Amino acid sequence: MFARQIGKNMEVYVDDMLTKSIIADRHTDDLRETFDVLVRYRMKLNPAKCVFSIPSERFLGYQVHQRGIEVNPEKIQALAKMVSPRTLKDVQRLTGCLASLSRFIAKSTDRCLPFFKALKKGKGVEWNEDCERAFQALKEYLGQALLLSKPETRETLYMYLSVSKAATSSVLVIQEKGIQKPIYYTSKALLLEVTRFRFGSGSTV
């Protein structure tokens, strides 16, 4: 339905829809395009769940506004108040919370590696010094104002790839007035078979 709009002036996830505009004066036209599609497919909206012409709104758990996408403050506050995990369920809850924030975390797999190792040791969890250091470091990192910028159509994008002994990580960035701003972070653990090969750690563009 919205194939021509998704990524340009609209985002859709199941039954949640967001019409966005880079230029405020174009917002009426963007809304008209959206409503034309809705009329064409005879779809109805619930007026009680619709809001219009707002500078910021929470969408799919993220705070979306003119500057880009920010972490939901409630998630950061919950993590800041979280005490050091002691049980298997505690660690699983922590890793689940961090997974939902991974797009905002540079080299997230490397940062969370001590937690994954703790989960692999069996039914019990040994929360050691490495886990505690990683936990406190992540709290400090996420306490910063994390913002993912929004790229514009036909804008040049840059990708940086980083390889460690345990994971590959990347970041997609745009450049504004000589300053590079992140759009999205990814990170994936390397399989055991891959880690047996020798290759140097480093980054590339």
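Of note:
- Helices assigned as whole DSSP H runs in the chain whose Cα atoms extend at least 30 Å along their own long axis and whose mean Kyte-Doolittle hydropathy is -1.0 or higher are not found.
- Residue among T87, T186, T109 with the largest mean-square fluctuation in a Gaussian network model of the chain, springs linking Cα atoms under 10 Å: T87
- Loop-located trypsin sites (Lys or Arg not before Pro) in the range 135-176 whose Cβ has at most 15 other Cβ within 10 Å (DSSP): R154, K165
- Of the residues F59, L88, Q136, the one whose Cα sits farthest towards the positive end of the charge dipole of the chain is L88 (charges of +1 on Lys and Arg Cβ, -1 on Asp and Glu Cβ, taken about the Cα centre).
- Count Lys and Arg as plus one, Asp and Glu as minus one, and take only other residues whose Cβ is under 13 Å from that of Y158; the net charge is then -1.
- Longest stretch of the chain clear of exposed loop sites (chymotrypsin sites (Phe, Trp or Tyr not before Pro), DSSP loop, at most 13 other Cβ atoms within 10 Å, sites excluded): 53-196.
- Counting only DSSP H runs of at least 4 residues, each contributing -39500 (n - 2.57), and dividing by the residue count of the chain, the helix-based mean residue ellipticity at 222 nm comes to -9500 deg cm²/dmol.
- For the cross-link pairs K120/K165; K20/K81; K49/K139, the ones whose C-alpha atoms lie over 27 Å apart are K20/K81; K49/K139.
- Between the residues S100, L161, N72, the greatest Cα displacement towards the positive end of the dipole of the range 52-179, with unit charges on the Cβ of Lys, Arg, Asp and Glu, is found for S100.
- Applying both filters, DSSP loop and at most 15 other Cβ atoms within 10 Å, to the trypsin sites (Lys or Arg not before Pro) of the range 1-85 gives R4, K8, R42, K44, R67.
- The modelled label-to-label distance for the pair E126/Q66, using points 7 Å beyond Cα in the direction of Cβ, is 5.4 nm.
No value in this document is a laboratory result; all are computed from the given coordinates. All of these numbers come straight from a predicted model, not from anything done at the bench. All Cβ positions, even for glycine, are placed from backbone atoms using ideal geometry, and neighbour counts span all protein chains on display.
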